[in-house]
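First the structure, in the form of structure tokens, and then the observations on it.
The values are calculated or read from the model by the stated rules, or taken from the named source; none is laboratory data. No experiment lies behind these values; they were computed from the predicted model shown. As a convention, Cβ positions derive from the backbone with ideal geometry for all residues, glycine included, and neighbour counts pool all protein chains shown. Side chains included, ligands, DNA and RNA excluded: accessible areas come from the protein's heavy atoms. Shrake-Rupley method; radii C 1.70, N 1.55, O 1.52, S 1.80 Å.
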Amino acid sequence: EVVGKKILKLERRGKNILIVLSENKILLIHQRMTGHLLYGKWKFQGKELKSLISGPLLKDPQNRFIHLILGLSNGKQLALSDLRKFAKVLVWPADKLDQLPEIAKLGPEPLEPSFSLGKFREILKKKSGKIKVVLMNQEVISGIGNIYSDEILWEAGIHPLARAERLDDNDLKMIFNALKKVLNKAIKAKGDSMSDYRRPSGEKGRYQEIQNAYHMTGQKCRQKDGGIIQRIKIGGRSAHFCPIHQPR
């Protein structure tokens, strides 16, 4: 399906990477929990696949779980490393992308210029439930996962168990501003590599060096308010927060 097709551009929709190809093809890749794309060269040495490029592509153990390799015309390769094998790759007609359920159901992109405070308020006013769960619902807003929902709520000073339907306009404004700030910081830092994620070069992102809540249980809050970061479970996922400036 993809051999011989030209890569026209790269896009993203929610957590889906979209490689737009010639002849009306799109290669959709969802990296899931532990997947990440790598750009380099690999070769089998016996039964073991080895990077021909030194550095993190070869030495970082998180980059060795390769399940898919696409050869490129410049001699390099695009590989998918995925420890837990949850990632998804599919080919789809480009002109029917909106017919894919995983695309059709996605909420608006939070960093699009059209995603205004007014639109955010309109969306959230119709939702009920714990605010952390609402923020992570891809049908409400696309692209926000566990790490960044914690970081957004810490920045906004909102408890993760707060009910979305009870938040006032000022609360929503604080979350909206925090959302924009945190996501832009994360992109500038090239992602969070506290766990499995790696950049295409095989290197770690740097957001884990500046995060304020996620996986910081027991540490002093960086707001210097005397709080100690706590961890609770919400909907089967961890939530991290400061009980002082994020009161229930």
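Observations on the structure shown:
- For MET216, MET174, MET136, the ranking by accessible surface with the largest value first comes to MET174, MET136, MET216, using a 1.4 Å probe.
- Per residue value of the accessible surface for region 1-147 (all protein chains in place, 1.4 Å probe), Å²: 57 Å²
- For region 144-232, the list of trypsin sites (Lys or Arg not before Pro) that fall in a loop by DSSP and count at most 13 other C-beta atoms within 10 angstrom reads LYS224.
- Inter-part distance where region 1-67 and region 140-206 are each reduced to a Cα centre, Å: 25 Å
- In this structure, LYS9 and GLU165 have a Cβ-Cβ separation that, at R0 = 35 Å, corresponds to a calculated FRET efficiency of about 0.30.
- Sorted largest first, extent of the chain alpha carbons per principal axis (Å): 56, 41, 28
- Between the listed residues ASN212, THR34, GLY129, the Cα displaced farthest toward the positive end of the dipole of the chain, a dipole computed from Cβ unit charges relative to the Cα centre, is found at THR34.
- Backbone geometry of region 83-94 corresponds, through the Karplus equation with coefficients 6.51, -1.76 and 1.60 at θ = phi - 60°, to 3J(HN,Hα) couplings of 4, 9, 6, 9, 4, 10, 10, 8, 10, 8, x, 4 Hz, x marking Gly and Pro.
- Degrees between helix 146-156 axis and first principal axis of the chain (Cα, 0 to 90, nearest 10): 30 degrees
- Cβ-placed point charges (K, R +1; D, E -1), dipole of the chain about Cα centre in debye, nearest 20: 500 debye
- Here region 31-164 has 53 percent of its accessible surface on carbon and sulfur atoms, given a 1.4 Å probe and all protein chains in place.
- Exposed GluC sites (Glu not before Pro) absent - longest run of the chain, DSSP non-H/G/I/E/B, at most 14 other C-beta within 10 Å: 24-138
- Contour excess over end-to-end distance, with Cα ends at LYS47 and ALA189 and 0.36 nm allotted per residue: 47.5 nm
- Links that overshoot a 21 Å alpha carbon limit, given the list LYS76/LYS188; LYS6/LYS76; LYS132/LYS180; LYS25/LYS96: LYS76/LYS188
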